[in-house]
Amino acid sequence: MTALLHAYFLHSRPYRETSVLADIFTVESGRISGVWRSSRRSRASPQLFQPLLIDIQGSSELKTLRQIEPAGPALMLTGTALFSGFYLNELLNRLLPRDEIQVALFVCYAQVLGELAEGAAIESRLRFFEQELLLALGYSIDYTHDASAGATIDAALYYDFHPERGFSRAPRGASSFSGELLLTLAGGCNEKPDALLALKIIHRLALTRLLGNRPLKSRELFQAPR
């Protein structure tokens, strides 16, 4: 009996006359792409943000999805929470290598989706997910070290963040962070507004370096007038 994979659809689009081409995040195989045949005709294409069990076939990059079963109800995300879900999906689809198992990140993704559906604070949950994604990609941000001076961060000084190098001493200004705030972040205290804003800026710089010049489409949804 073939073991079914635990999965979420990240993105899907029409493929040929009756099929769907899907990007999928699984526990057992990481990010994969597959074809779900005849799903458009039968109107059985799975929803986003729904835990699934799937059976795949094939050894090439493009798998064949032979069976898809719900593993739970689809989460009802609306408004900014829905845009946030799209953002998580796009980050995973753009940044995760194919066929690289990321169990902890999968658990984090499912957890954050559930929290968003329950009305959790969006900024906090997005910053948490971004941090876990960066760690999964091997990108760790050191909030305690001055990369330019080879010294520990001084609470009385200010620092700029460079995605390639980390933090370095800088004059106090609009783009610099206080050493006191960085040490607070290093201690895991990141729920206050100033900490969340700092993390948003730092994570965006780090993610932009990994994403390249092509902007995130999901980010445009946050900026659109409503």
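Is it the case, given these coordinates, that A170 is surrounded by fewer than 18 Cβ atoms within 10 Å (Cβ to Cβ) and touching a strand residue (DSSP E or B) at 6+ places or on another chain (Cβ under 6 Å)? Explain how you work it out, then say what you get.
On the way: surrounded by fewer than 18 Cβ atoms within 10 Å (Cβ to Cβ): yes; touching a strand residue (DSSP E or B) at 6+ places or on another chain (Cβ under 6 Å): yes.
The answer is yes for A170.
Could you say which residue among F86, F106 is modelled with pLDDT of 95 or more, in contact with a His (Cβ under 8 Å, 6 or more places away or on another chain) and under 30 Å from P163 (Cα atoms)?
Numbers: F86 fails: in contact with a His (Cβ under 8 Å, 6 or more places away or on another chain).
Every option except F106 fails the conditions.
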Turns out the helices (runs of 4 or more DSSP H) fully within the stretch 163-226 with at least 3 residues that are over 24 Å from L137 (Cα atoms) and modelled with pLDDT of 90 or more are 179-186
Index of the failed condition, L135 passing every other in (1) outside the structural domain of E191 (by TED's automatic domain parsing); (2) under 17 Å from the mean Cα position of the chain (by Cα); (3) within 30 Å of F177 (Cα to Cα)
(1)
Just checking, which of E164, E180 is under 27 Å from the mean Cα position of the chain (by Cα) and outside the structural domain of L210 (by TED's automatic domain parsing)?
E164
Quick check, is S124 of a type outside the set (A, V, I, L, M) and either outside the structural domain of L197 (by TED's automatic domain parsing) or under 13 Å from the mean Cα position of the chain (by Cα) (or both)?
no
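The values are calculated or read from the model by the stated rules, or taken from the named source; none is laboratory data. Owing to the predicted nature of the structure, the values given are computational and were not obtained by experimental measurement. All Cβ positions, even for glycine, are placed from backbone atoms using ideal geometry, and neighbour counts span all protein chains on display.
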